[in-house]
Amino acid sequence: MKNINSRVENDSHPLKRKVKVYDVENKKLIFEFDSLNEATKKLGVKRIDAYIKNKSRSYKNNLGITLCFR
């Protein structure tokens, strides 16, 4: 049985999840980040978790291309 603290820690820290960034036009993986915070800082996109949840695309970012996140 897992420790209760480890389960709560994983659920309460969604910013530590891995993020894969894809170029929509070329249909290929361009980045993989270890956390949402790291991806936010590098790409200049806020609320990446909302893009992942809604499976939507980001048109405004530091790269100037259309991105999607998974």
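Each value in this text was obtained by applying a stated rule to the coordinates, not by laboratory testing. Predicted model, so just to flag it, every value in this text is computed and none were measured. Here Cβ is always computed from backbone atoms with ideal geometry, including for glycine, and neighbour counts include all displayed protein chains.
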Original post:
What are the ³J(HN,Hα) values, in whole Hz, obtained from phi via the Karplus relation 6.51 cos²θ - 1.76 cosθ + 1.60 with θ = phi - 60°, for each residue of the range 58-70 in sequence order, with x given for Gly and Pro?
Top reply: 9, 9, 10, 7, 5, 8, x, 10, 7, 10, 9, 10, 9
Subject >> FRET efficiency estimate (nearest 0.05) - Cβ-Cβ, SER56 to LYS28, R0 30 angstrom >> reply: 0.95
Original post:
Using the Karplus equation 6.51 cos²θ - 1.76 cosθ + 1.60 (θ = phi - 60°), what ³J(HN,Hα) coupling, rounded to whole Hz, does each residue of the range 47-54 give in order, writing x for Gly and Pro?
Top reply: 6, 4, 4, 5, 5, 5, 4, 8
